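Q: Right, I'll just put the structure down here and ask away after.
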């Protein structure tokens, strides 16, 4: 086993293990911190997939933005004096059975399907090509996404405002 | 060398765990965390297919859009959860069963 694949398996284990921590932890803050490590692990997987720009974007937006937003949500919807911040689960048996069935189907499909594979050289830079595609091939979705972000953020500010 | 199937299986595990969280958690914020896990699973699949399908950058652009939509979704969902907390005093989604009070 080479050093690279050793590091890959550590990152993969970190991702999957902390994703399990998000779902199974009894403490809401522990879930949020596990989500932090899971998102960092996914960013590491992107690095192994030669997607450095996506990895940095993942860290900036997910870890720096969405996770902070989630922790704000936890803080605002629980009394700070309530130290335990516990949260419970319901119907773990039925949900676990359904999810195990879904996972079994997915993995059987993944291992069985004849995926289209094509080898490629490792690109020296990815940002230039992504920028070209965003500005040429996907300009309309890009602009629509900017309007959607504006509308969503204004809507969120309006929704969470105190009603007079 | 780690192949495509490894990434797809990791994505499937992330998706299943996220789905489990969405199904079983009572707290609304924890359900939101499950949705984030599902979106990350989809992103891992996009980037893995881009890498092993001849380094096509369309997958990268798609995962960028998914990240953008996740940001918008998290903001709106947390605003809704705050409203539920203000009007019902709880964020447990199985207790939030009133449309109007």
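Q: Mind checking the mean number of beta-carbon atoms from other chains within 10 Å of the Cβ atoms in A:53-59?
A: 4
Q: Got the relative contact order for chain A handy, in percent, Cα pairs under 8 Å and 6 or more residues apart?
A: The value is 18 percent.
Q: What is chain A by shape, rounded, prolate or oblate, if you read a ≥ b ≥ c off the alpha carbon gyration tensor as root eigenvalues and call it rounded for a/c under 1.5, prolate for a/b larger than b/c, and oblate otherwise?
A: Taking the square roots of the gyration eigenvalues as a ≥ b ≥ c, chain A is oblate.
Q: Between residue A:162 and residue A:150, with labels modelled 7 Å along Cα→Cβ, what's the label distance in nm to one decimal, could you check?
A: Going from the residue A:162 label point to the residue A:150 one covers 3.0 nm.
Q: Based on alpha-carbon centroids, what's the gap between the range A:134-164 and the range B:34-101 in Å, whole number please?
A: Answer, in whole Å: 15.
Q: Using r as the Cβ-Cβ distance of residue A:143 and residue A:52, and R0 as 22 Å, what FRET efficiency do you calculate, to the nearest 0.05?
A: Efficiency, rounded to the nearest 0.05: 0.30.
Q: Give me B:61, B:22 ranked fewest to most by other Cβ atoms within 10 Å of their Cβ, as a rough exposure proxy.
A: Starting with the residue having the fewest Cβ neighbours, the order is B:22, B:61.
Q: Points 7 angstrom from Cα along the Cβ direction at residue A:60 and residue A:100: gap in nanometres?
A: 4.3 nm
Q: Moving on. What is the order of B:25, B:51, A:128, fewest Cβ neighbours within 10 Å to most?
A: The fewest-first ordering by Cβ neighbours comes to A:128, B:51, B:25.
Q: Further, regarding this structure: Report the FRET efficiency, 1/(1 + (r/R0)^6), for residue A:108 and residue A:9, where r is their Cβ-Cβ distance and R0 is 30 Å, rounded to 0.05.
A: 0.85
Q: Sort A:130, A:90, A:29 so the one with the fewest other Cβ atoms within 10 Å of its own Cβ comes first.
A: The order, fewest Cβ neighbours first, is A:90, A:29, A:130.
Here, each number is a calculation from the coordinates, and none is a lab measurement. All values derive from a computational prediction rather than experimental measurement. Counting neighbours? That spans all protein chains shown, and the Cβs are built from the backbone with ideal geometry, glycine included.
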